[in-house]
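> Pasting a structure here, questions to come.
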Amino acid sequence: MFSWDDPDDRVAIVQMDAELHHAELELISAQCATHQLRLRFSIDDLARFGERAVLRKAIAAASDLNHYYSSIEKLIPREAAGANVGGAMLPEEQISHATERVLAYLREQRDRHYAAGEPLSDEYKVLMHPFFSPGILDRVRIVELGGARISNPAFYSDAKALGITNLPQITHMASLTFIDVVVFNERVTERALFHGLVHAVQFQILGPERIPAPSLRVF
């Protein structure tokens, strides 16, 4: 079992979290593809006409993943009230307030950049079509800042005062998703666009209110 007091273990923990983030992105991508199936085809049609071998493999993979992550969930310590956010234990009232501030920030940034946004080009739509529905590709707008960069939100100072230590440095990020607007601090790349669209799908499926806002993982 890892110990944060062991320098070698700390390195391993950082590597583990990096791989966990990568796994999360891949799982969200699978969720996007499944959501596209759900929108276009009924469960009955998939069961009757879907390629049997592919269906069985997909079902087996989903079942294995559910079993694996459910076993981890059972070991996560549960708190009677509040939650651990970025290394700080916050009561439910503060979490609710933080969520409201992040949601307001997302909507303010979305409205600020929407007018300058442009629809995805036909080239980008062709590249992203295998992974995302036409609806999301038609809806999302993109903005290139050309290196101007978005600064960290004003509430970061308050969050740090509460002991939250893992806030993402927005100025260093390639892209940021504000509901249905993906803003690129520099230029659009296929990787950053894919990442931004994944988060746009999260907003579409869950709604901004249900995104885990205090961690700002939505970007």
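> How much solvent-accessible surface does L206 expose, in Å² to the nearest 10, with a 1.4 Å probe and all protein chains in place?
Estimated to the nearest 10 Å², L206 gives 60 Å².
> To continue, here is another question. How would T177, T34, T99 line up by accessible area, probe 1.4 Å, largest first?
Result, largest first: T34, T99, T177.
> In the neighborhood of A148, defined by Cβ-to-Cβ distances under 15 Å, what is the net charge if each Lys or Arg adds +1 and each Asp or Glu adds -1?
Working: positive: R112, R149, R187; negative: E144, E186.
Local net charge: +1.
> Going by Cα centres, the range 188-206 and the range 97-142 are how many Å apart?
Using only Cα atoms, the two centres lie 8 Å from each other.
> Okay, moving on. Between V54 and V14, how high is the FRET efficiency from 1/(1 + (r/R0)^6) when r is the Cβ-Cβ distance and R₀ = 35 Å? Nearest 0.05.
0.45
The values are calculated or read from the model by the stated rules, or taken from the named source; none is laboratory data. In this text, all values refer to a predicted model and were calculated from it rather than measured experimentally. Virtual Cβ from ideal backbone geometry, glycine too; neighbours counted across all protein chains shown. Surface accessibility is based on the protein's heavy atoms, side chains included, excluding ligands, DNA and RNA. Shrake-Rupley method; radii C 1.70, N 1.55, O 1.52, S 1.80 Å.
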